[in-house]
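Here the structure comes first, spelled out in structure tokens, and everything after it is commentary.
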Amino acid sequence: MTIDVRETPLGKDLKPFLDVVDLIYRGDPYYVRPLDMDLKERLSPKHPFFEHGEGTLFTAWKDGKCVGRCTAQIDREHLARYKDDCGFFGFFDTIDDVEVAKALLDRAGVWLAKRGMKKIRGPISVSINDEIGCLIEGFDSPPFIMMPHHRPYQAGLIEAAGLAKIKDVYAWRYQVGSLPERAVKAHASIKEMPEVTVRNVDIKHTERDVRILMDIFNDAWSDNWGFVPMTHGELRKMAADLKLILVPELSQIVSINGEPVAVAVALPNINDIIGDLHGKLLPLGFAKLLWRLKVQRPKSARLIILGIRRKLRQVRRYAALSTFMYVEMHRAGERLGMTHGELSWTLEDNAPVNVGIKFMGGKIHKKYRLFEKQL
């Protein structure tokens, strides 16, 4: 049976692209369908990513039925930084069918090659600062906010299409319980320093504080594999989005002598509360979401940002700064009645960060894989 791959330009009818997940994940108790409104926004040509990128959408059809999807995209910020002629695919979800997966990835590769790309990498949906990787371990629990979920067969289909592993990333589960004694002592040692202050993000000045957050994050993570800094447009969009769901108590800006030097931000895990909405906010979904978010409140959160300026890494006096922030976040979650969280994602070979999370009692509970091939 021939697989028909159809292209949908950004901003056009996304219904088949959005709804195909209902078929692919039917019967999977751990899949949480993202909100359609969010995906439509992210896949609109008006999204700030597409000020420096271009992309398109593909759906695969078999026997007249939509059975898979993916995107293909080019990030000119990535190309300017790495000069590697690498394009990307994302939002990759298919039925368990090698031909379907291969047809989609081949079509994405052709689209990228026509635009001068020499390799394809993914899944990245749509940038390194969004959801990345294909789930390869940890299928027995739902994904956290802004993290992907896949069927156990998906990675094998990507490999069968000729792509090979390039990098794994980890998601760490953290249980809110008793803190390690060494962590408490390390926290106290930083807390006693008169030059160190910590505050939460000010919801009335979200854009200002998001700029501080990302300035520090961009410095702290600039050497990370695949890193691409956010543009001003993406920062403004992030600030607007955070206003809707940010819990200020789950954010920190740490300053030394008045200079912001370290940041940490966790987001309430809205996947805890949107499962029964099936991606829809109308007619009653928005009211339900608001009630659950502001009144019931999720019992978990995802730590999405933690960074310390590079110039402090070799300053022995502040060696415990990351532990200080972990403890602050732990106690904030405890006060809010949260029971657990996720720290994600971290690179498999980022030993300093991974060791720090282990020290705090974190355990790897999901692994995601990125794949690549030459075009």
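The values are calculated or read from the model by the stated rules, or taken from the named source; none is laboratory data. Given the structure is predicted, the values throughout are model-derived calculations rather than measurements. Cβ sites come from the backbone with ideal geometry, for glycine too, and all protein chains shown count toward neighbours.
Taking each residue of region 186-202 that is in the same structural domain as Ala319 (by TED's automatic domain parsing) and looking for partners that are assigned to a loop (DSSP other than H, G, I, E, B) and surrounded by 12 or more Cβ atoms within 10 Å (Cβ to Cβ) with beta-carbon atoms closer than 6 Å, six or more apart or interchain, yields Ala186/Ala320; Ser189/Ala320; Ile190/Ala320. Among the residues in region 166-175, are any closer than 30 Å to Phe139 by Cβ, touching a residue at least 12 places away in the same chain (Cβ under 8 Å) and among the basic types (Lys, Arg)? Yes - at least one qualifying residue is present in region 166-175. Cβ separations smaller than 7 Å between residues 6+ apart or across chains give no pair from region 263-289 residues that are loosely packed, with under 14 Cβ neighbours inside 10 Å to residues that are at pLDDT below 80. Filtering region 97-115 to residues that are under 19 Å from Thr2 (Cβ atoms) and either without any contact (Cβ under 8 Å) to a residue 40 or more places away in the chain or over 27 Å from the mean Cα position of the chain (by Cα) (or both) leaves Glu99, Val110.
Restricting to region 134-164, name every residue that is closer than 20 Å to Ala266 by Cα and either of a type in the set (A, V, I, L, M, F, W, C) or surrounded by 15 or more Cβ atoms within 10 Å (Cβ to Cβ) (or both). Break it down stepwise before answering.
Filtering region 134-164 for residues closer than 20 Å to Ala266 by Cα gives 141-149.
Within region 134-164, Pro142, Pro143, Phe144, Ile145, Met146, Met147, Pro148, His149 meet the criteria.
Provide a single number: the residues in region 233-257 that are under 30 Å from Met193 (Cα atoms) and without any contact (Cβ under 8 Å) to a residue 24 or more places away in the chain.
Within region 233-257, residues that are under 30 Å from Met193 (Cα atoms) and without any contact (Cβ under 8 Å) to a residue 24 or more places away in the chain number 0.
Region 200-310 holds strands (runs of 3 or more DSSP E) entirely within its bounds, and those carrying 2 or more residues that are under 30 Å from Leu23 (Cα atoms) and modelled with pLDDT of 90 or more map to 259-268, 300-308.
The set of residues from region 129-172 being closer than 17 Å to Val21 by Cβ and of a type in the set (Lys, Arg) comprises just one member, Arg151.
Just a yes or no: is a residue in region 197-210 over 27 Å from Trp291 (Cβ atoms), of a type in the set (Lys, Arg) and touching a strand residue (DSSP E or B) at 6+ places or on another chain (Cβ under 6 Å)? Within region 197-210 (the criterion being over 27 Å from Trp291 (Cβ atoms), of a type in the set (Lys, Arg) and touching a strand residue (DSSP E or B) at 6+ places or on another chain (Cβ under 6 Å)), the answer is yes, since at least one residue qualifies. Cβ-Cβ under 6 Å, sequence separation 6+ or interchain: first residue in region 142-165 and more than 27 Å from Asp241 (Cβ to Cβ), partner surrounded by fewer than 19 Cβ atoms within 10 Å (Cβ to Cβ). Which pairs? From residues that are more than 27 Å from Asp241 (Cβ to Cβ), the pairs are Pro152/Phe139; Tyr153/Asp96; Ala155/Ile136; Leu157/Val98; Ala160/Val98; Ala161/Lys102; Gly162/Lys373; Leu163/Lys373.
Of the residues Gly361, Gly341, Gly333, Gly337, the single one that is on the phi > 0 side of the Ramachandran plot and touching a residue at least 60 places away in the same chain (Cβ under 8 Å) is Gly361. Looking at region 13-31, which of the residues that are over 19 Å from Asp276 (Cβ atoms) and touching a residue at least 12 places away in the same chain (Cβ under 8 Å) is surrounded by the fewest Cβ atoms within 10 Å (Cβ to Cβ)? Among those that are over 19 Å from Asp276 (Cβ atoms) and touching a residue at least 12 places away in the same chain (Cβ under 8 Å), it is Pro16.
Determine, yes or no, whether Asp130 is closer than 23 Å to Glu348 by Cα and not assigned by TED's automatic domain parsing to the domain that holds Glu334. Criteria met by Asp130.
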